[in-house]
Amino acid sequence: MAMHTLLARQIKRHLNAVDLAAEPWQSFLAAIDDAYRGFDEDREMSERSMQLSSVELIDASSELRAILQAFPDVMLHVDDTGLVVASRGRGHRRRWTDGQVLGRRLPELVPVGFATALTDALRATITRGVAETLELVEEDDGREVIDEIRLAPLGPTGAIVLVRDVTEQRRAVDLRLAKEAAEATSVAKGVFLANMSHELRTPLNAIVGYAEMLGEDATTMGSQTLVDDLGRIVTAGRHLMKIVNDVLDITKIEAGRLSVDLQLVNVDALVSDVMAAVRPMGAANQNQMVATVMPELPLVYTDATKLKQVLINLVGNACKFTHAGSVEFDVRLVGSAGCSEIAFVVRDTGIGIAPDQIPSLFQDFRQVDSSNTRRYGGTGLGLSISRRLCNLLGGDITVVSQIGKGSVFTAWLPVGLETAEPIPWPAESAVLEESL
Ligand code: ADP
């Protein structure tokens, strides 16, 4: 039987005469031995757990050190009098660097106007054990900078103070709010313009309609002065109607409310419609009008109404800004097989556009010069609407022009289905430019 050695030695020394091998000594010694074995196991267990917890402690403290190193904020330890006794982290501003803060009282580190608020917050944190957050806003090199200062209680002996530069964060929030406000304003503006345009069209229709009727009556009565005056009302009314319609279009496009109705379009028929619409304008300016459509042109998968609006604007402009010249409307497939576009090329020999005016041609209400406008009429919205419509259909409009010689406006559209052989481009574009 195993017996605790130290105990066995003591018993043998004091009870020398006793026969330890006999009962009841044998049972007594076995009970003691059992009890000691329990003590040994407990001690081994507690030693093992002490070893483990010291390993955990080392792990935890190195983890804490790593966290503190990665910490983006300045961290100050202040005592119950507000004295900075330790500091950690990067000082994003000179004020918060080690050399500036150590051994000084926290309120001394901030501008005088802010010191009282900071003192009160610090007192509340230390005496009442409540966390406080303050924001220090100031000018730095002409720009506004913001520090967020958080005070956390550290028992009655002091507090931990975290300082974070939140300038960029606040700026991002301000920008987001400003963007949201601008978007809301833009939506409101769109709704207002759409409603206004709608409300304006009804009375305008009546004005133009009645002026036309009265004009017919005046013609029957043979009153030329009245006919002329009523004619001016009709012209001005139609002009106003065009502006209202253009504004409505722009508003709808900007609000993303203009839907595209895609279908397979026969380009030949579309070109005939366009020419029919603009021929009177061309004839009025004694222009030669020619339309050519490349043979076997495929059907184009697009929105016929919108495309027609674009082309009427381009050919209409060519007729308007050309006198006793020529307007050619040429439609062809360009590019390479598998990657081709359809080009609607409108070439005129009109007044042309100065190079410095070309970049602003597609801006809203932009006309090359106001004297031209008076001479030629127009709203300055046609090209900007046309380009946006073209973009909506997946294409674009380009222009080359030479003052006094003429212009070439080209509307480009992707082709959905193809059968004809496309003509290579950009060699073609060089030819176009040379043709002026
Ligand atoms: P508008 O209703 O005034 O014609 P557009 O947006 O269609 O508005 O055209 C803007 C301006 O671009 C015109 O006022 C004109 O000065 C110039 N422009 C457009 N097309 C031509 C062209 N074919 N030849 C010369 N100038 C043109």
query: Just one of the numbered conditions (1) outside any strand (DSSP E or B); (2) in contact with a strand residue (DSSP E or B) (Cβ under 6 Å, 6 or more places away or on another chain); (3) among the acidic types (D, E) is not true of D330; which one?
result: (1)
statement: Reported set for segment 249-267 where residues are surrounded by 12 or more Cβ atoms within 10 Å (Cβ to Cβ) and either charged (D, E, K, R) or in a helix (DSSP H, G or I) (or both) is D249, I250, T251, K252, I253, E254, V267
statement: Picking from L64, L76, L52, the residue that is surrounded by 15 or more Cβ atoms within 10 Å (Cβ to Cβ) and of a type outside the set (G, A, S) would be L76
- request: Could you list, in sequence order, all residues of segment 68-87 that are more than 16 Å from T157 (Cα to Cα) and either among the aromatic types (F, W, Y) or touching a residue at least 24 places away in the same chain (Cβ under 8 Å) (or both)?
  value: F71, P72, D73, V74, M75
- prompt: Would segment 322-329 turn up any residue that is under 21 Å from V399 (Cα atoms) and touching a residue at least 60 places away in the same chain (Cβ under 8 Å)?
  reply: yes
field: Identity of the residue in segment 304-325, assigned to a loop (DSSP other than H, G, I, E, B) and of a type outside the set (S, T, N, Q), that ends up nearest to the ligand (Cβ to nearest atom)
entry: F321
field: Top-ranked residue of segment 280-303 - restricted to ones that are surrounded by fewer than 22 Cβ atoms within 10 Å (Cβ to Cβ) and within 32 Å of the chain's Cα centre (by Cα), ranked as nearest to S407 (Cα to Cα)
entry: D303
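Just to be sure I understand, how many residues within segment 326-351 are within 14 Å of the ligand (Cβ to nearest atom), within 38 Å of the chain's Cα centre (by Cα) and surrounded by fewer than 20 Cβ atoms within 10 Å (Cβ to Cβ)?
0
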task: Only residues in segment 347-365 that are of a type in the set (D, E) count as the first member; pair them with residues that are part of a helix (DSSP H, G or I) and near the ligand (Cβ under 9 Å from one of its atoms), Cβ under 6 angstrom, at least 6 apart or cross-chain, and list the lot.
output: D348/A318; D364/S384
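Conditions tested, residue by residue: (1) part of a strand (DSSP E or B); (2) crowded, with 21+ Cβ neighbours inside 10 Å; (3) more than 7 Å from the ligand (Cβ to nearest atom); (4) modelled with pLDDT of 85 or more.
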residue: I358; (1), (2), (3), (4): no, no, yes, yes
residue: R366; (1), (2), (3), (4): no, no, no, no
residue: G404; (1), (2), (3), (4): no, no, yes, yes
residue: A411; (1), (2), (3), (4): yes, yes, yes, yes
residue: T419; (1), (2), (3), (4): no, no, yes, no
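The values are calculated or read from the model by the stated rules, or taken from the named source; none is laboratory data. These numbers were taken from a predicted model, which means no experiment stands behind them. Quick reminder, even Gly has a Cβ in these numbers, built from the backbone with ideal geometry, and neighbours come from all protein chains shown.
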